[in-house]
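J.: Have a look at this one before I ask anything.
The values are calculated or read from the model by the stated rules, or taken from the named source; none is laboratory data. Please read these numbers as outputs of a predicted model, since none were measured by experiment. Cβ: placed from backbone, ideal geometry, glycine included. Neighbour counts: every protein chain shown.
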Amino acid sequence: MFELKEVALIYETKKQALAALKSTDLKIEKGEEVGIFGPSGSGKSSLLFIMSTLKEPSRGEVKYEGKELTALTPSAKAELRRKEFGFVFQEHFLINHLTVRENILLPLKEKRGARKRLEEITTALGLNKLLKRFPYELSLGQSQMVAVARALIASPKVVFADEPTASLDDENGSRVIELLKSYCSKSGATLIFVSHSSEIIGDFRRRLRVENGQVYEVGVNA
């Protein structure tokens with residue numbers, strides 16, 4: 001599904017060049033559950049942003065299902081993200097003047113079948129009684145559940161999660177992880193989950209450690 005060859009991300013300053021991500025080769029197959037961990041500033045989020053087309057690498061090839069992502073136009077990248085990728089970030093990025101229902105449905109261009117899909121997801125996430133509320137009326141945990149629902153509503157092939165549990169308590173954090181893993185397991189989607197903690201992604205099937213811009217394979221769980 002994803003294939004990275006000699007991918008690097010370098011920030012040039014007047015005094016020096018800073019490598020956020022050093023030359024990286026990586027393959028991720030369809031349906032894999034990948035947990036990526038490392039300290040702040042290690043390059044783990046840079047890796048996620050490059051794979052999801054949110055950042056351009058300084059050099060190297062990034063392929064998704066055989067397509068070279070760096071060759072796509074900005075509009076083609078935006079369309080790819082809308083159609084095939086789902087995103088959950090540490091900040092929920094909900095739109096305050098839209099209801100919970102409207103926020104969740106935002107990624108859908110085609111509204112046909114939306115009601116059934118909305119009901120399925122919000123019931124699973126315990127949001128079905130909150131659909132008419134606005135984000136400022138929600139708790140932090142509820143807001144993040146809405147962000148998860150928004151990420152999954154369009155049935156993405158890949159779910160990118162960048163520190164989605166960092167601001168949550170243990171109970172809500174565990175719930176978010178289980179919901180994302182459950183969706184990907186049932187649908188065959190790929191999960192790429194970034195965390196600062198090795199414990200949080202300890203039971204992920206595949207684990208990568210990023211340190212000083214280098215990516216290391218840690219191990220695979222059965």
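For every residue, the table says whether it meets (1) among the hydroxyl-bearing types (S, T, Y); (2) farther than 24 Å from V194 by Cβ.
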{"position": "R115", "(1), (2)": "no, yes"}
{"position": "T122", "(1), (2)": "yes, yes"}
{"position": "L130", "(1), (2)": "no, yes"}
{"position": "E137", "(1), (2)": "no, yes"}
{"position": "V146", "(1), (2)": "no, no"}
{"position": "R150", "(1), (2)": "no, no"}
{"position": "P156", "(1), (2)": "no, no"}
{"position": "A166", "(1), (2)": "no, no"}
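J.: Any residue at all in the range 52-68 that is of a type in the set (S, T, Y) and in contact with a His (Cβ under 8 Å, 6 or more places away or on another chain)?
T.: Restricting attention to the range 52-68, the residues satisfying the condition of being of a type in the set (S, T, Y) are 52-53, 58, 64.
Cutting the leftovers down to in contact with a His (Cβ under 8 Å, 6 or more places away or on another chain) gives us none.
No, the range 52-68 has no match at all.
J.: Then there is this: In the range 141-180, what residues are assigned to a helix (DSSP H, G or I) and touching a residue at least 40 places away in the same chain (Cβ under 8 Å)? Give the derivation first.
T.: From the range 141-180, those assigned to a helix (DSSP H, G or I) are 141-152, 170-180; that's our starting set.
Within the range 141-180, S143, Q144, V146, A147, V148, A149, R150, A151, L152, V176, L179, L180 meet the criteria.
J.: Now for a separate question. Answer yes if at least one residue in the range 109-118 is in contact (Cβ under 8 Å) with a residue 12 or more places away in the chain and either of a type in the set (S, T, Y) or touching a Phe, Trp or Tyr at 6+ places or on another chain (Cβ under 7 Å) (or both), and no otherwise.
T.: Among the residues of the range 109-118, not one is in contact (Cβ under 8 Å) with a residue 12 or more places away in the chain and either of a type in the set (S, T, Y) or touching a Phe, Trp or Tyr at 6+ places or on another chain (Cβ under 7 Å) (or both), which makes the answer no.
J.: Related question: Among (1) part of a loop (DSSP other than H, G, I, E, B); (2) under 27 Å from I200 (Cβ atoms), where does E56 come up short?
T.: Only one criterion in (1) part of a loop (DSSP other than H, G, I, E, B); (2) under 27 Å from I200 (Cβ atoms) is unmet by E56, namely (2).
J.: Identify all residues within the range 81-139 that are among the hydroxyl-bearing types (S, T, Y) and either loosely packed, with under 15 Cβ neighbours inside 10 Å or within 14 Å of A154 (Cβ to Cβ) (or both); write none if there are none. Lay out the reasoning, then the answer.
T.: Initial filter on the range 81-139 (among the hydroxyl-bearing types (S, T, Y)): 99, 122-123, 136, 139.
Within the range 81-139, T123, Y136, S139 qualify.
J.: Find the residue count for the range 181-196, including only residues that are closer than 18 Å to S155 by Cβ, touching a residue at least 24 places away in the same chain (Cβ under 8 Å), of a type outside the set (S, T, Y) and not in a strand (DSSP E or B).
T.: 4
J.: Enumerate the pairs (first residue in the range 1-29 and over 15 Å from I50 (Cβ atoms); second residue anywhere and in a strand (DSSP E or B) and modelled with pLDDT of 95 or more) with beta-carbon separation below 9 Å, excluding pairs fewer than 6 apart on the same chain, so at least 6 apart or on different chains.
T.: That search, which allows pairs on different chains as well, returns A17/I10; L18/I10; E29/F2; E29/T190.
J.: I would also like to ask the following. All but one of (1) exposed (fewer than 12 other Cβ atoms within 10 Å of the Cβ); (2) assigned to a strand (DSSP E or B) hold for K14; which doesn't?
T.: (2)
J.: Across the range 17-53, what is the total count of residues that are part of a strand (DSSP E or B) and within 25 Å of Y183 (Cα to Cα)? Can you show your working first?
T.: Going residue by residue through the range 17-53, those that are part of a strand (DSSP E or B) are 17-28, 33-37.
Add one more test, that the residue is within 25 Å of Y183 (Cα to Cα), and what stays is 26-28, 33-37.
The total comes to 8.
J.: Evaluate the following for L106: is it without any contact (Cβ under 8 Å) to a residue 40 or more places away in the chain, touching a helix residue (DSSP H, G or I) at 6+ places or on another chain (Cβ under 7 Å) and more than 20 Å from A189 (Cα to Cα)? Reasoning before the result, please.
T.: On the way: without any contact (Cβ under 8 Å) to a residue 40 or more places away in the chain: no; touching a helix residue (DSSP H, G or I) at 6+ places or on another chain (Cβ under 7 Å): yes; more than 20 Å from A189 (Cα to Cα): yes.
Taking the combined requirement at face value, the residue does not satisfy it.
J.: Related question: Test R133 against the stated conditions and say whether it is free of Cβ contacts under 8 Å to residues at least 40 places away in the same chain, part of a helix (DSSP H, G or I) and charged (D, E, K, R). Show your work before the answer.
T.: Working: free of Cβ contacts under 8 Å to residues at least 40 places away in the same chain: yes; part of a helix (DSSP H, G or I): no; charged (D, E, K, R): yes.
Answer is no for this residue.
J.: Return the pairs, sorted by first residue and then second, in which the second residue is in a strand (DSSP E or B) and among the charged types (D, E, K, R), the first residue lies in the range 197-222 and is farther than 20 Å from G31 by Cβ and at pLDDT 95 or above, the beta carbons are less than 6 Å apart, and the residues are 6+ apart or on different chains.
T.: G213/K22; Q214/K22; Y216/R209
J.: Out of (1) within 30 Å of R209 (Cα to Cα); (2) charged (D, E, K, R); (3) at pLDDT 95 or above, the odd one out for E91 is which?
T.: Of the numbered conditions (1) within 30 Å of R209 (Cα to Cα); (2) charged (D, E, K, R); (3) at pLDDT 95 or above, the odd one out for E91 is (3).
J.: Do we find a residue being buried (at least 17 other Cβ atoms within 10 Å of the Cβ), in contact (Cβ under 8 Å) with a residue 60 or more places away in the chain and either closer than 18 Å to L152 by Cα or of a type in the set (A, V, I, L, M, F, W, C) (or both) anywhere in the range 59-70?
T.: Taking every residue of the range 59-70 in turn, at least one turns out to be buried (at least 17 other Cβ atoms within 10 Å of the Cβ), in contact (Cβ under 8 Å) with a residue 60 or more places away in the chain and either closer than 18 Å to L152 by Cα or of a type in the set (A, V, I, L, M, F, W, C) (or both).
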